[in-house]
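The values are calculated or read from the model by the stated rules, or taken from the named source; none is laboratory data. All figures in this text were calculated on a predicted structure; none of them were measured in a lab. Every residue, glycine among them, receives a Cβ derived from its backbone with ideal geometry; neighbour counts consider all protein chains shown.
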């Protein structure tokens with residue numbers, strides 16, 4: 001009986017010792033791994049200039065925040081520039097005539113100048129022997145609220161004919177024979193979302209098989225293969241060659257946009273989808 005008790009106790013002690021040794025070995029291994037990891041961590045956290053990783057990350061976030069602030073300022077300036085461009089006189093119509101029969105040559109003229117909204121003025125200058133006389137009449141959205149002379153009407157009509165010819169230029173209907181996936185990249189996926197929404201809205205209007213997605217630059221590496229065209233906003237166009245190199249592996253086309261062009265397309269669904277179709281045709 002006593003012998004059996006000692007035998008059981010001996011077996012128990014042996015088991016405990018073996019378990020202890022196993023746990024000790026595991027503990028030592030884990031300690032060694034942890035020490036190696038800590039050494040790697042310390043080495044990783046220290047740079048050549050003794051700047052730790054935490055400081056570098058904080059500095060990076062400060063730079064990103066600064067870039068976003070500058071981006072917002074740039075967008076405001078671009079919008080102001082677009083507004084100025086639209087208010088500049090873009091359409092000109094001129095008629096030269098002889099105001100007085102005794103004068104030789106058509107030295108008098110009626111000049112019509114309008115902006116993108118067909119608002120502007122007509123300048124009528126009559127040249128005679130005794131002097132020149134200049135009159136100005138305002139045009140608002142293509143309508144004159146003062147009686148126009150014959151030559152002034154001709155100048156306005158000439159301009160309207162010019163505009164009508166430009167608008168009447170035969171535009172080939174948009175068509176695609178395959179589905180097109182578009183990726184739009186900007187700094188923070190803000191304006192790229194506006195561009196992508198414009199493309200999708202235009203595609204729906206024109207009944208075209210085009211889909212668009214917005215993303216922030218830097219998060220595109222793993223998804224390039226899923227898209228046919230990548231559009232870069234003006235804020236990231238400096239990375240054009242880099243993105244092209246990455247996209248070339250998948251046969252994806254990469255195009256950059258300019259400031260005023262980009263802003264205009266975010267507000268013009270038809271123009272945005274036409275831009276994408278042009279890129280598809282160019283290949």
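Some observations on this one:
- Answer residue from the stretch 187-202, given it is under 19 Å from residue 74 (Cβ atoms) and surrounded by fewer than 24 Cβ atoms within 10 Å (Cβ to Cβ) and is modelled with the lowest pLDDT among those: 189
- The stretch 246-276, subset closer than 23 Å to residue 222 by Cα and part of a helix (DSSP H, G or I), residue nearest to the chain's Cα centre (by Cα): 276
- Just one residue in the set 223, 229, 205 is over 21 Å from residue 60 (Cβ atoms), assigned by TED's automatic domain parsing to the domain that holds residue 268, touching a residue at least 40 places away in the same chain (Cβ under 8 Å) and crowded, with 18+ Cβ neighbours inside 10 Å; that residue is 229.
- Taken over the stretch 130-156, the criterion of being more than 23 Å from residue 82 (Cα to Cα) and part of a strand (DSSP E or B) is satisfied by 132, 133, 134, 135, 136, 137, 138, 143, 144.
- When every residue of the stretch 157-174 is checked against the conditions, none turns out to be buried (at least 18 other Cβ atoms within 10 Å of the Cβ), outside any loop (DSSP other than H, G, I, E, B) and at pLDDT 85 or above.
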